Amino acid sequence: MSAQITPAPEPVTDTILLIDDDARLRTLVEDHLTEFGLKVVALPDGRKMVETLKTNQIDLVILDLGLPFEDGLSLCRKIRADSTVPILILTARGDEVDRVLGLEMGADDYLAKPFSPRELIARIKAILRRARIVAAPARKEVENVSFGPFTFDFQHQKLFRDGHIVGITSGEAKLLGILVSHAGQALSRQQIMVLSRGRSYGPYDRTIDVQISKLRKTIEADPADPQFIQTVWGEGYVFYTDMP
């Protein structure tokens, strides 16, 4: 009698840190993500978040904003203080202010409750795909581009000012790389959204505007009068490597 061969399971490549105080939702999400082939570390609140991030190779954090002990916005800020791990925030459907604040705190995307498992998986796949693109080496012919006191390193997706690294998120680095590589060319929000996130720009989506605002605060001497990232009214944004 021939031995039965059991196929080897597919390797798990990504680990998700899920922080949500809703036990039922946490279990459902964990089950769906595990079924999809993802490893999940689930927490009911943020008290063990820092320890978990230090002791596990986390590829994405799913963070509910309405948490006990310490709210999600504060935790998002804490993560961004020393990590570029992608963050997907979960919000109540009507909490536009919280969504905008979450993006301003460094979240890469948001998902309004209630949501379908299919949409959650799609968002996770898109965020992880963008993170891999950001981490991948850039084209050999483009390595560093300087503008003012700044230098953008395409290969490592890092921003430097006078030789010192400037802290920006992976999403901001991706956006800056797109703007720099299209210097002098006006890009619409739709073009930027497709290039940076692989999806269409919605009429009420402020993701691009929020990240542009954060980049301006980082690289512009006067964000109210930007010299590098300029608005083209009716079109979008254009990046100039030389200040006028």
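The values are calculated or read from the model by the stated rules, or taken from the named source; none is laboratory data. If you're wondering where the values come from, they're calculated on a predicted model, not measured in any experiment. Reconstructed Cβ throughout: ideal geometry from the backbone, glycine too, with neighbour counts over all protein chains shown.
Which is modelled with pLDDT under 80, surrounded by 18 or more Cβ atoms within 10 Å (Cβ to Cβ) and not basic (K, R), of G94, G106?
G106
Given the structure, is A42 in the same structural domain as G102 (by TED's automatic domain parsing) and free of Cβ contacts under 8 Å to residues at least 12 places away in the same chain?
In short, no.
Looking at Q185, Q155, Q191, which is the one that is touching a residue at least 12 places away in the same chain (Cβ under 8 Å) and over 22 Å from the mean Cα position of the chain (by Cα)?
Numbers: Q155 fails: over 22 Å from the mean Cα position of the chain (by Cα); Q191 fails: over 22 Å from the mean Cα position of the chain (by Cα).
Going through Q185, Q155, Q191 in turn, the sole match is Q185.
Between a residue in the range 102-123 that is among the hydrophobic types (A, V, I, L, M, F, W, C) and any residue that is assigned to a loop (DSSP other than H, G, I, E, B) and surrounded by fewer than 19 Cβ atoms within 10 Å (Cβ to Cβ), which pairs come within a Cβ distance under 9 Å, given they are 6 or more apart or on different chains?
Partner pairs satisfying both residue conditions: L103/R206; A112/R93; A112/G94; A112/D95; I121/F36; A122/R199.
Hey, among G66, G102, which residue is on the phi < 0 side of the Ramachandran plot, assigned to a loop (DSSP other than H, G, I, E, B) and not hydrophobic (A, V, I, L, M, F, W, C)?
Sole residue among the options that is on the phi < 0 side of the Ramachandran plot, assigned to a loop (DSSP other than H, G, I, E, B) and not hydrophobic (A, V, I, L, M, F, W, C): G66.
So L176 fits all but one of (1) in contact with a Lys or Arg (Cβ under 7 Å, 6 or more places away or on another chain); (2) buried (at least 18 other Cβ atoms within 10 Å of the Cβ); (3) modelled with pLDDT of 85 or more; what number is the exception?
Result: L176 passes all but (1).
Name, by its number, the condition in (1) over 30 Å from L65 (Cα atoms); (2) touching a helix residue (DSSP H, G or I) at 6+ places or on another chain (Cβ under 8 Å); (3) modelled with pLDDT under 90; (4) surrounded by fewer than 17 Cβ atoms within 10 Å (Cβ to Cβ) that does not hold for I133.
I133 satisfies all of (1) over 30 Å from L65 (Cα atoms); (2) touching a helix residue (DSSP H, G or I) at 6+ places or on another chain (Cβ under 8 Å); (3) modelled with pLDDT under 90; (4) surrounded by fewer than 17 Cβ atoms within 10 Å (Cβ to Cβ) except (1).
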